[in-house]
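J.: Structure below; questions to follow.
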Amino acid sequence: MTSIIGTYECKVDTKGRVLVPASLKKQLPAMADGFVLKRSVFETCLELWPMAEWEKMMVKINKLNPFDKKVDTFIRAFMAGVKLVDIDDAGRLLIAKDLLQFGNITKEIVMASKVNIVEIWDKDLYEATLEPDDFDFGALAQEVMSNISFDD
């Protein structure tokens, strides 16, 4: 599994292009295979999936029963706005207008690692999600991580 590390502040130009930071580019596996850029399921941000990670997810999704109405609805929503993208020779990623609108992205963004993918956020929205009034990271970490074995 790919593991991507880092949080990067970048700018989007008027054409929707963002220069991918060199230290992030070095971590992105097999860039020649391309990427999938899509809407996040839970947040107002975008997700950049290396193709190998996307293909693993598609194997799992393809095992779902397409004759189950909930599955059908989920797949439609999950795949909404999905785009195949590449990083060009100048190191830029082009974000389609519909995805810019979904993420409320105008100029300043944050590219943040999320284990095996990269989230792309409007900078102000990203900062707001890290500091909501009712957010207790310590309590959340305890709840999420307390059942994981660290003996591996």
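J.: By count of other Cβ within 10 Å, fewest leading, how are SER113, SER149 ordered?
T.: SER149, SER113
J.: Find which of THR14, TYR126, THR44 sits farthest along the positive direction of the dipole of the chain, computed with +1 on the beta-carbon of Lys and Arg, -1 on that of Asp and Glu, about the Cα centre.
T.: The Cα lying farthest towards the positive end belongs to THR14.
J.: Tell me what the chain gives for mean residue ellipticity at 222 nm when only DSSP H runs of n ≥ 4 count, each as -39,500 (n - 2.57), the sum divided by the residue total, rounded to 500 deg cm²/dmol.
T.: When only DSSP H runs of four or more count, the value is -9000 deg cm²/dmol.
J.: Report the relative contact order of the chain, percent, no decimals, based on alpha-carbon pairs under 8 angstrom and at least 6 residues apart.
T.: 33 percent
J.: So, one more: Residues of segment 29-70 with amide nitrogen under 11 Å from the 7 Å Cα-to-Cβ point of ALA96?
T.: 37-39
J.: Further question: If you stretched the chain out fully between ILE148 and ASN104, how much longer would it get, using 0.36 nm times the residue separation minus the C-alpha to C-alpha distance?
T.: This chain segment gains 12.3 nm when fully extended.
J.: I want to make sure I understand the PRE zone here: with the label point 7 angstrom from the Cα of ASP13 toward its beta carbon, which residues in segment 73-111 have backbone N atoms less than 17 Å away?
T.: Those under the cut-off are 86-97, 106-109.
J.: Work out which trypsin sites (Lys or Arg not before Pro) in the chain are exposed loop sites (DSSP not H, G, I, E or B, at most 11 other Cβ within 10 Å) and give the longest gap free of them.
T.: 108-152
J.: Determine the gain in length on full extension of the stretch LEU140-ASN62; use 0.36 nm per residue of separation and subtract their C-alpha separation, reporting nm with one decimal.
T.: Between LEU140 and ASN62, full extension yields an extra 24.9 nm.
J.: With +1 on each Lys and Arg Cβ and -1 on each Asp and Glu Cβ, and nothing else charged, work out how big the dipole of the chain is about its Cα centre, in Debye to the nearest 20.
T.: 800 debye
No value in this document is a laboratory result; all are computed from the given coordinates. Owing to the predicted nature of the structure, the values given are computational and were not obtained by experimental measurement. Positions of Cβ are backbone-derived with ideal geometry, glycine not excepted, and every protein chain shown enters the neighbour counts.
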